[in-house]
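S.K.: The structure under discussion is supplied below as C-alpha cells; questions concerning it will follow.
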Amino acid sequence: MRRNILTYKAPPNNEGYDLICIHPDPKKVTKQVRVQVKSRYQTDSDKGFPVKEKTIDSFDFLVVAFLNIGYFFGKHKKGQHSSIGRQEPEFYTLPADIIRQYHRKEGGWEKVRTKEFDITPYKNELGFELIANSLEIPMPTK
C-alpha cells in the first residue's frame, strides 16, 4: 500500500479476510491487521455490499472499492456503452465495528448499506491511514 504498510495476500480459500498487513520494520512487527476486500464496479450502485455476519469477527478492516466503470442501472439501456458515467475509483476503509453497526439482514441477503452513515472520513487516504495508525506506522519521511 502507498502508506508503507506491508500487505500480503491471505492464503487461498481463507474465509473472512483477503489481506494481511504488517509493520515494515521487522523489529516492530508485533501485530497484524486482517483486511477483507469487497468491490462494486457500477458507478450507479447503491453503495451497499454483501457481508456475512459470521465473517465480521474475522477481519479488522473492510476495504470496499467502488470502481465506477460506468452506469448499469436505471434509465440506461442494456447494451448501451457502459463507459457512460465512468469516474475515478473510490476506496473506503471501514473498521469492523462500523461494519457490525450497519450490517443488515434483508430477506436472504446480508448487506452493509453505506447510505445510512457518512463514509467520507474513511475515503481513500483517510481510510488507509486508519490501518497505518493501527499498526503504529509513522508517516514516511525523506
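S.K.: Quick one: in the range 122-142, of everything that is acidic (Asp, Glu) and assigned to a helix (DSSP H, G or I), which residue is farthest from Tyr92 (Cα to Cα)?
M.R.: The selected residue is Glu129.
S.K.: Check the range 45-65 and report whether any residue there is closer than 23 Å to Ala10 by Cα, in a loop (DSSP other than H, G, I, E, B), in contact (Cβ under 8 Å) with a residue 40 or more places away in the chain and aliphatic (A, V, I, L, M).
M.R.: Yes, that holds for at least one residue.
S.K.: Would you tally the residues in the range 49-94 being modelled with pLDDT under 75 and within 27 Å of Arg2 (Cβ to Cβ)?
M.R.: 1
S.K.: Related question: I need the full set of residues from the range 22-48 which are of a type in the set (Val, Ile, Thr) and at pLDDT 90 or above, in order please.
M.R.: Those that are of a type in the set (Val, Ile, Thr) and at pLDDT 90 or above: Ile22, Val33, Val35, Val37.
S.K.: Which one is nearest to Asp46 (Cα to Cα), of the residues in the range 100-121 that are in a helix (DSSP H, G or I) and out of contact with any strand residue (DSSP E or B) (no Cβ under 7 Å at 6 or more places or on another chain)?
M.R.: Checking each candidate, the answer is Lys115.
The values are calculated or read from the model by the stated rules, or taken from the named source; none is laboratory data. Being a predicted model, the structure only gives us computed values, none of them experimental. We place every Cβ from the backbone using ideal geometry, glycine too, and count neighbours over all the protein chains shown.
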